[in-house]
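Just below is one structure, and these are the notes that go with it.
The values are calculated or read from the model by the stated rules, or taken from the named source; none is laboratory data. Quantities reported herein were computed from a predicted structural model and do not represent experimental measurements. Heads up, the Cβs are rebuilt from the backbone with ideal geometry, glycines too, and the neighbour counts pull from every protein chain shown. In case anyone asks, the SASA skips ligands and DNA or RNA and just uses the protein heavy atoms, side chains included. Shrake-Rupley method; radii C 1.70, N 1.55, O 1.52, S 1.80 Å.
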Amino acid sequence: MRCPVCKADNNEAPQCRRCKADLSLLLALERRRAQAMADAAARLTSDPGGALTVADEADQLRRDEESRRLLAVTRLMNRDFAGALALRQEWTSGPRT
Ligand SMILES: [Zn+2]
């Protein structure tokens, strides 16, 4: 995890090792996001609708290619083919601004 203040890499510590910035909120957000992504993956086949809700939440907490891919897969599982394709085009053509 990278410190947003000084850009030092930190290892799951609640305080930056270099500049002592408070990273606890960031840490909590990352944990919640990781949990949501694991939850979505686990529910993909048994509860695609629920998986979509948590995959969306993970993507909103912090968006990266991993969360976009997960969201695309959950959309596929919900038979939202157009929505999945839109995400696919997004990550092959680079991030939108
Ligand atoms: Zn720092």
*Two-site label geometry, ARG88 and ALA38: point separation in nm, points 7 Å out along Cα→Cβ*: 3.0
*Which cross-chain or sequence-distant (5 or more) residues have an amide H under 5 Å from the amide H of GLN15, H modelled 1.01 Å from N in plane?*
LEU23
*asked:* 7 Å from Cα along Cα→Cβ at both ASP22 and THR53: what's the point-to-point distance in nm?
replied: 3.1
_Largest to smallest principal axis extent of the C-alpha atoms in the chain, angstrom_ = 47, 31, 15
_At 1.4 Å probe size, with the rest of the protein present, what percent of the exposed accessible area of the stretch 1-80 is carbon and sulfur atoms?_
51
*asked:* Using a probe radius of 1.4 Å on heavy atoms only, what accessible surface per residue do you get for the stretch 4-79? Whole Å² is fine.
replied: 62
*Put a dot 7 Å past each Cα toward the Cβ at PHE81 and ASP64; how far apart are the dots in nm?*
3.2
